[in-house]
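The next block holds one structure in the form of structure tokens; read it before the comments.
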Amino acid sequence: MAAAPNNSNNRRDDLRNIAIIAHVDHGKTTLVDAMLRQTGSISAKDDAGRECIMDSIDLERERGITILSKNTSVKYGGTVIHIVDTPGHADFGSEVERVLRMVDGVLLLVDAMDGPMPQTRFVLKKSLALGLKPIVVINKIDRRNCDPHAALDKVFHLCMELGADDKQLDFPVIYACGREGWATTDTAKKGTDLKPLFDAIIKHVPGPFEKDAEPLRMLITMLDYSSYTGRIGIGRIFQGKIVPGQMVAMGSRNSRTAAEQRASGSSSVGRYATRPTGVGGYADDRERAPVTRKVMQVMGFKGLERVQLEKARSGDIVAVSGLEGVEAGDTLSPSEEPAFLDTLEIEKPTVSMEFYASDSPFAGRDGKFVTAAQLRDRLLLEAESNVGLKVEEIAGKGGFKVSGRGELHLAILIEIMRREGFELCVSKMTVITRAENGIIMEPVEHLVLDAPAEYQGAVMEVLGRRGAQMRDMRLSEDKRVRFEYVISARALIGFKSEFMAFTKGNGLMNYSFGGYLPEGKFTPPKRNGAFIAKEPGQSAAYALNSLQEHGTMFVGPGEKVYAGQIVGENCRGNDLVVNPCKEKKQTNMRSSACDESIILTPPRRFSLEQAIEYVEEDEFVEATPKSLRLRKKVLDHSLRKRSGK
């Protein structure tokens, strides 16, 4: 069943739907904040001296990235401009693709110093393929030594490379400083407000088609969850109207009628003909019958709030509650005459990890949620709204296989759960492969590095060992080299910390999903062995002083440890069971070394991402609200020794 043909050429003058796409730290959220303030869309209480108002969770403010896609709207003159703030990191790129289906234009935000970056390329290619015309905003033109004209040239060449047509290449250009809240069309003249930007949006972004009289067609592109109303579908109404209390048919292009299911011999269980073992937003391999649901609420977006609407019409982007079982890609249509729009292609996960409730001797000391049942409920709740996540129960182990788009995607989930009071153990990250025509395929990434020229040899050597294929290398005027590689996701795990170490923090690294290629022969380098605590207790400076001569310590003096915890790294390749709690024996005999002072090297501390990269197959990262510990999966040394035989 196809969508109804477009017979109307009338467009709404009172509405514009736009998405803002930009790379990490190019000032996207700051610019949206300025747009909200200058249109009076936020109250003084909401503003209250805050920066990055659109960042809804602490992690977004701390890391300076947008993790969750958000909707807001501002009113400029008599026109409502609906803005979708999209994630800028590659691990959340699937949200960007879905958002582009809701809008009629994009603001392409580019840093005046850096120019277009990998994620900009990835999303711009998608938007150009959908026929969207960009408005290019060169941001941060107040930065010292920036070159906005060079950045503009890079954008133009990138658009040509991505196959933009003549109309798309004739894009308007706005120069802006989002932090100070002004824009201009001429770099020689500093602006006073964002009026040039608003005027460009009204002029160059077309309004949605006015098709209120036609049957309802609303495409769900994002999900949210409320403990009161359940799943909430967010999307755009392409035609028709929707009101609270209305009965709608819910399904997608690959849906089948009940009669078709009976004819094929399959029996429906609830909404799905075949219930999957996993929970997540992946409906590609499910055949679903359209179901009828009653709309409870229709909510629009105003400033930072959702407001209830009596009705919504064609072109509006709204949130609808009462849609039990809704998935991204579903179409809402009249219950008496179901019809479906083209479904969305949701990017499948590329990496996975195993999550377990903590069973360490310290379990329950830091957190509030420590049981497997609480962990299960939280992961399934996350899967209700996180379309890029897939959760599967591991039979017989009491754990869960959690799959996502990348290392950061899963690390953000773990960090959020830590802050909520969960204690959990997570395994080493593994790459998800798939078979095509009998060939094992693995995900690959398009990697872009920027580093000082003196590290050129080191970068090429390290990536050569990891089996990466160079696509381009350019030396800029500031004596920095820009590398472009294609590298497998498996070889990319652990590279970031190594890259930042040998460039002494001067390197920049970005990557985006590049598809699938036949599995390579790369084998991750073997890590040195670990120092494993022999018994529980409190670490002693005397013992650590002896151990640090043979490796690197992960704990300092006076820290509580337990048997099976990894307390350091051996300088050799074998694991070594040690006693970091050993105290110096007290005697009344005077020795020649009794007055020697102990000088300890500061222990190596891991961030969450570094810990995930570090652990091996037989190890866990134990994450609690207050601590990160590395440990063996089997804590008892005798059991580990027996299983290793």
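Some observations on this one:
- For the residues E384, E407, E423, the requirement of being at pLDDT below 90, crowded, with 18+ Cβ neighbours inside 10 Å and closer than 23 Å to E617 by Cβ singles out E407.
- Complete set of residues in region 617-645 that are in a loop (DSSP other than H, G, I, E, B) and either open to solvent by less than 40 Å² (accessible area, probe 1.4 Å) or within 13 Å of Q565 (Cβ to Cβ) (or both): T624, S627, K633, V634, L635, D636
- Some residue of region 493-513 being under 21 Å from K632 (Cα atoms), touching a strand residue (DSSP E or B) at 6+ places or on another chain (Cβ under 8 Å), open to solvent by 10 Å² or more (accessible area, probe 1.4 Å) and touching a residue at least 12 places away in the same chain (Cβ under 8 Å): yes
- Checking region 230-250 against the condition returns a match, with at least one residue being touching a Pro at 6+ places or on another chain (Cβ under 6 Å) and not in a strand (DSSP E or B).
- Tallying residues that are touching a residue at least 40 places away in the same chain (Cβ under 8 Å) and touching a Phe, Trp or Tyr at 6+ places or on another chain (Cβ under 7 Å) within region 140-175 yields 1.
- Annotation note: of K504, K521, the sole residue that is basic (K, R) and farther than 17 Å from R465 by Cβ is K504.
- With respect to the conditions (1) out of contact with any Lys or Arg (no Cβ under 7 Å at 6 or more places or on another chain); (2) part of a loop (DSSP other than H, G, I, E, B), D212 falls short on a single one, namely (1).
- Of the numbered criteria (1) open to solvent by 50 Å² or more (accessible area, probe 1.4 Å); (2) at pLDDT 90 or above, the one K428 fails is (1).
- Selected residue (criterion: modelled with the lowest pLDDT) from residues of region 387-404 that are charged (D, E, K, R) and either touching a His at 6+ places or on another chain (Cβ under 9 Å) or closer than 12 Å to V351 by Cβ (or both): K390
- Within region 434-450, none of the residues are of a type in the set (S, T, N, Q), surrounded by 20 or more Cβ atoms within 10 Å (Cβ to Cβ) and more than 30 Å from F502 (Cα to Cα).
- Within region 359-407, tally of residues that are of a type outside the set (D, E), out of contact with any helix residue (DSSP H, G or I) (no Cβ under 9 Å at 6 or more places or on another chain) and assigned to a loop (DSSP other than H, G, I, E, B): 11
- Hits in region 185-195 - residues which are modelled with pLDDT of 90 or more and surrounded by 19 or more Cβ atoms within 10 Å (Cβ to Cβ): L194
Every residue, every condition in (1) at positive phi; (2) open to solvent by less than 40 Å² (accessible area, probe 1.4 Å); (3) not aromatic (F, W, Y), yes or no:
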{"residue": "Y516", "(1), (2), (3)": "no, no, no"}
{"residue": "P525", "(1), (2), (3)": "no, no, yes"}
{"residue": "Q548", "(1), (2), (3)": "no, no, yes"}
{"residue": "N570", "(1), (2), (3)": "no, yes, yes"}
{"residue": "K582", "(1), (2), (3)": "no, no, yes"}
{"residue": "K585", "(1), (2), (3)": "no, no, yes"}
{"residue": "R604", "(1), (2), (3)": "no, no, yes"}
{"residue": "E609", "(1), (2), (3)": "no, yes, yes"}
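- Hey, F355 crowded, with 19+ Cβ neighbours inside 10 Å, outside any helix (DSSP H, G or I) and hydrophobic (A, V, I, L, M, F, W, C) or not: yes
- Residue match in region 560-575 (condition: part of a loop (DSSP other than H, G, I, E, B), of a type in the set (A, V, I, L, M), farther than 22 Å from D359 by Cα and over 32 Å from the mean Cα position of the chain (by Cα)): no
- Qualifying residue in region 176-196 (condition: assigned to a loop (DSSP other than H, G, I, E, B), of a type in the set (K, R) and over 32 Å from the mean Cα position of the chain (by Cα)): yes
- Residues of region 173-184 satisfying the condition of being in contact with a strand residue (DSSP E or B) (Cβ under 6 Å, 6 or more places away or on another chain) and open to solvent by 20 Å² or more (accessible area, probe 1.4 Å): V173
- Top-ranked residue of region 527-546 - restricted to ones that are assigned to a strand (DSSP E or B) and open to solvent by less than 40 Å² (accessible area, probe 1.4 Å), ranked as farthest from M441 (Cα to Cα): G537
- Of residues in region 1-31 being modelled with pLDDT under 85 and among the hydrophobic types (A, V, I, L, M, F, W, C), the one surrounded by the most Cβ atoms within 10 Å (Cβ to Cβ): I21
- Residue satisfying all of: in region 112-159; touching a Leu at 6+ places or on another chain (Cβ under 8 Å) and basic (K, R); most open to solvent (accessible area, probe 1.4 Å) among these: K125
- Flag if G163 is at pLDDT below 90, over 25 Å from V32 (Cβ atoms) and part of a loop (DSSP other than H, G, I, E, B): yes
So that you can scan it fast, the table gives a plain yes or no per residue for (1) at pLDDT 90 or above; (2) not small (G, A, S):
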{"residue": "E559", "(1), (2)": "yes, yes"}
{"residue": "N570", "(1), (2)": "yes, yes"}
{"residue": "K584", "(1), (2)": "no, yes"}
{"residue": "N588", "(1), (2)": "no, yes"}
{"residue": "D595", "(1), (2)": "no, yes"}
{"residue": "A623", "(1), (2)": "yes, no"}
{"residue": "S638", "(1), (2)": "no, no"}
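- When residues of region 291-328 are limited to those that are more than 18 Å from I242 (Cα to Cα) and in a loop (DSSP other than H, G, I, E, B), the one modelled with the lowest pLDDT: L304
- Test: residue in region 473-489 that is open to solvent by 40 Å² or more (accessible area, probe 1.4 Å) and in a helix (DSSP H, G or I): no
The values are calculated or read from the model by the stated rules, or taken from the named source; none is laboratory data. Values in this document were obtained by computation on a predicted structure and should not be read as measured data. Note that each Cβ is placed from the backbone with ideal geometry, even for glycine, and that neighbours are counted across all protein chains shown. Note: areas computed on protein heavy atoms with side chains; ligands, DNA, RNA excluded. Shrake-Rupley method; radii C 1.70, N 1.55, O 1.52, S 1.80 Å.
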